[in-house]
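Below: one structure, written as structure tokens.
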Amino acid sequence: MKLSYDTVVVSTRIRLARNFADYPFPNRLKDVKKAREIVQLIASELNHTDTFDLYYMNAISDERAAFLKERYLISRDLIANRPISAAFVSRDESISIMINEEDHVREQYFLKGFELRKVYERISGIDDIISESIPFAFDPEFGYLTACPTNLGTGLRASVMMFLPALTRCDLIRKTLPTLTRLGLTVRGQYGEGSGAEGEMYQISNEVTLGRSEEEILSEVEDAVRTITEFELREREKMLCADEIGVKDRVFRAYGILTNCKKMDAQEFVSLMTEVKLGVVTGIFSGNMEDLDQLIVAMRPANINRLNGGPLSAEEQAVYRAEYAGKALSRMELLNGR
């Protein structure tokens, strides 16, 4: 049975919240010209770091905005602030810099696996480049000044995405929430604040940035992730020992439906894919988590429309999803050696 950290931790994200000293915060930024100035100032600095695509929110379609959101590259708040907001996205989609969302700048860097230190170093380098030419709003007592009080201080949010099917099914994830809260941490769904734990995926992150150094935040999140990972692996072992045939039956049934059905809505698809992922992480199936997670994102509504080359109705998407996912799963050869 394959039980290891890389079957629990999916990805790491560091986000930095920043505002510029010489401009009103976005909630008071009514001058579109000034908002564009901020975008251009950042663009001139980013040219020295990587190749980015620039998206002005008021210049892209609802479909394109939904596509970017489904891929975790922009937020619903950025979309809601369309008259003044924009986003820079690196070609490999590992870096996303949202402009004039809740703060002037939300810098994000994503990386597969458990890589908090590596991710922090990369996004800090970009942050340093921007700050060299454009002074951030900073107070000696409170640190970086932000629109939301919970981001005061370092402005750093360290998040780790985790796949926790065993803790979810035995209800231990809910029971750990009070402990995490006392430690200054929080648990959210895939799409951040206000989102549910779709597909038994959770973001573990720091809740407070004021009064803690970057090093303290990173260490606290690292310790929590290691502890939760150990709990999850232990509960997976218990689950298999208690009902191995039952677990195998569920994952094989899910695979059978996914590779043979003729239409499937998004909710059922994610539910069945969660069972297939459980099969992979417990060694019942071959394959790897990254391929499965990429397929889940590809089968979201706006991503399907993009693959299709045009919009589809909900019914047409259900048919497309069943055919595309069935073929993709068959190519993965998850049943090799079974």
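The values are calculated or read from the model by the stated rules, or taken from the named source; none is laboratory data. If you're wondering where the values come from, they're calculated on a predicted model, not measured in any experiment. Using ideal geometry, Cβ is built from the backbone for each residue, glycine included, and neighbour counts are taken over all protein chains shown. Please note that ligands, DNA and RNA were not included when accessible areas were found on the heavy atoms of the full protein model with its side chains. Shrake-Rupley method; radii C 1.70, N 1.55, O 1.52, S 1.80 Å.
Worth a mention:
- Area accessible to solvent at LYS263, 1.4 Å probe radius, in Å²: 110
- Rounded to 10°, Cα long-axis angle of helix 266-281 versus longest principal axis of the chain: 70
- Inverse of mean 1/r across different Cα pairs in the chain, Kirkwood, Å: 21.3
- Remark on SER11: its backbone amide H falls under 5 Å from those of GLY113, MET161, a criterion applied only to residues 5 or more positions apart or on other chains, H modelled at 1.01 Å from N.
- For the range 60-72, Karplus couplings with θ = phi - 60° (6.51, -1.76, 1.60), whole Hz, Gly/Pro x: 10, 6, 4, 5, 5, 4, 5, 4, 5, 5, 4, 9, 6
- 5 angstrom amide H check on PHE285, placed H, neighbours 5+ away: VAL280
- Centre separation in Å (Cα based) which lies between the range 13-49 and the range 155-187: 32
- Each of the peptides 24-33, 106-115 was scored by the mean count of other Cβ atoms within 10 Å over its residues; in descending order, highest first, they stand as 106-115, 24-33.
- Angle of helix 172-182 to the longest C-alpha principal axis of the chain, folded into 0 to 90 degrees and rounded to 10: 20°.
- ASP293, ASP171, ASP223, reordered so the largest accessible area comes first (probe 1.4 Å): ASP223, ASP171, ASP293
- The range 194-237 versus the range 259-282: alpha-carbon centroid distance in Å: 25
- Couplings for the range 309-319, taken from phi via the Karplus curve 6.51 cos²θ - 1.76 cosθ + 1.60 with θ = phi - 60°, read x, x, x, 10, 6, 4, 5, 5, 5, 4, 5 Hz in order; Gly and Pro are left as x.
- Packing-based order for 133-144, 274-285, 86-97, using average beta carbon neighbours within 10 Å, highest first: 274-285, 86-97, 133-144
- Placed amide H near LEU185: partners under 5 Å, 5+ positions off or other chain: GLU207
- Each Lys and Arg Cβ is given +1 and each Asp and Glu Cβ -1; about its Cα centre, the chain then shows a dipole of about 900 debye.
- Across the range 239-249, coupling constants 3J(HN,Hα) worked out from phi with the 6.51/-1.76/1.60 Karplus curve, θ = phi - 60°, read 4, 5, 5, 6, 7, 4, 4, x, 5, 4, 4 Hz, and Gly and Pro carry x.
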